[in-house]
Structure formats: structure tokens, C-alpha cells
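Notes for the one structure printed next.
The values are calculated or read from the model by the stated rules, or taken from the named source; none is laboratory data. What you see is a predicted model; the values in this text were computed from it and never measured. When we count neighbours, we look across all protein chains shown, and the Cβ atoms used for this are built from the backbone with ideal geometry, even at glycine.
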Amino acid sequence: MKIVYEDLQVVINAHLKYLQGEPGGQKADLEGVDLYGRDMANANLKGANLRGTNLKRSILWDANLEGADLENAAFKHAILQGTNFRNANMRGTGLKGVNLTGADLRGSDLTGADLDSAILAGAVFDKTTKWPEGFNPIVAGAIEFKE
């Protein structure tokens, strides 16, 4: 299911109200929605449901996806610079060729994710971050955050 830009903005704004506890707020549920190539830079979708969502070639730099459910979402060639994925469920996500420069991956579960050709220069992770089997984040340019 595709969603037009205006409707997406309504969902994002309602989610922001939800996060702030304001009347009319509603948690974003974009499960399985086709958001191919959408510009969502700086969007606050903390805790949103984006399970199985098509985010290929989308722009999400500096977005807040902390605690979001992104299981099996497709991000192929998306721009995710500086995005906050802290404690996000990213199991099985397609991250092939994405730019994760400076992203916050602390506490994220990337089990089974496709990180082929992903750019992780300066991305931050910690001991609770779960990586795909055999993946070495240090070799990929990520930095381990130690408290």
C-alpha cells in the first residue's frame, strides 16, 4: 500500500502528538506501507511500527527511530546518516548499500540484517547491539561506545 506525502505528514504529526501526550495523538502504524523514496529527514517516529515497510531510497537522516519496530523493513540504498536507531528492532532488515554514517545503533537488534555494502563510518554501537552472524562492525567503520 502506497501512501501520499500529505497523508504521511498527518501520520508523523499525530505520532508526535502521541509522544508528547497531546490530544489527538496516535502511535504511528506504518506496517507494510510503501514509502519508497520518501523524504522523512528529521522525522520523530520513536517507537513507531514500521515492520515490513518499504523504505528503499528514502531519506531519513537525523530521524529518530529509537525503539521502533523495523523488523523485515527494506532500506536498500536509503540515506540514514545520523539516524537514531537506539534499541530498535531491526531483525531481518534489508540495509544493503545504506549510509549509516554517524547513526546510533546502541541496543539495536540487527540479527539477520543484510548489511552488504552498508556504510557504517562513525556509527555508534554498544555491547548490547546484536549483529548478523559473522559481521564485524569495527572492520565496517563503526565505533563501540563504552560507558
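Is one or more of the residues making up the range 26-48 surrounded by fewer than 15 Cβ atoms within 10 Å (Cβ to Cβ), touching a helix residue (DSSP H, G or I) at 6+ places or on another chain (Cβ under 7 Å), at pLDDT 95 or above and over 19 Å from Met90 (Cα atoms)? Yes; the residues of the range 26-48 include at least one that is surrounded by fewer than 15 Cβ atoms within 10 Å (Cβ to Cβ), touching a helix residue (DSSP H, G or I) at 6+ places or on another chain (Cβ under 7 Å), at pLDDT 95 or above and over 19 Å from Met90 (Cα atoms). Taken together, the criteria exclude Ala121 from residues that are touching a strand residue (DSSP E or B) at 6+ places or on another chain (Cβ under 6 Å) and either on the phi < 0 side of the Ramachandran plot or in a loop (DSSP other than H, G, I, E, B) (or both). Take the conditions (1) farther than 26 Å from Phe125 by Cα; (2) assigned to a loop (DSSP other than H, G, I, E, B); (3) of a type in the set (Gly, Ala, Ser); Gly52 misses just one of them, which is (1). What do you reckon, is Arg86 crowded, with 19+ Cβ neighbours inside 10 Å, in a loop (DSSP other than H, G, I, E, B), in contact (Cβ under 8 Å) with a residue 24 or more places away in the chain and not hydrophobic (A, V, I, L, M, F, W, C)? It is false that Arg86 is crowded, with 19+ Cβ neighbours inside 10 Å, in a loop (DSSP other than H, G, I, E, B), in contact (Cβ under 8 Å) with a residue 24 or more places away in the chain and not hydrophobic (A, V, I, L, M, F, W, C).
All but one of (1) closer than 16 Å to Ala48 by Cβ; (2) in contact with a His (Cβ under 6 Å, 6 or more places away or on another chain) hold for Gly97; which doesn't? Looking at each condition in turn, Gly97 falls short on (1).
Filter the range 105-115 for residues that are over 13 Å from Asn89 (Cα atoms) and among the acidic types (Asp, Glu) and give the result. Selection gives Asp114 alone.
Whenever a residue of the range 124-137 is within 13 Å of Asp109 (Cβ to Cβ), its partners that are of a type in the set (Asp, Glu), lying with C-beta atoms within less than 7 angstrom and at least six residues away or across chains, give the pairs Phe125/Glu144; Asp126/Glu144; Lys130/Asp109.
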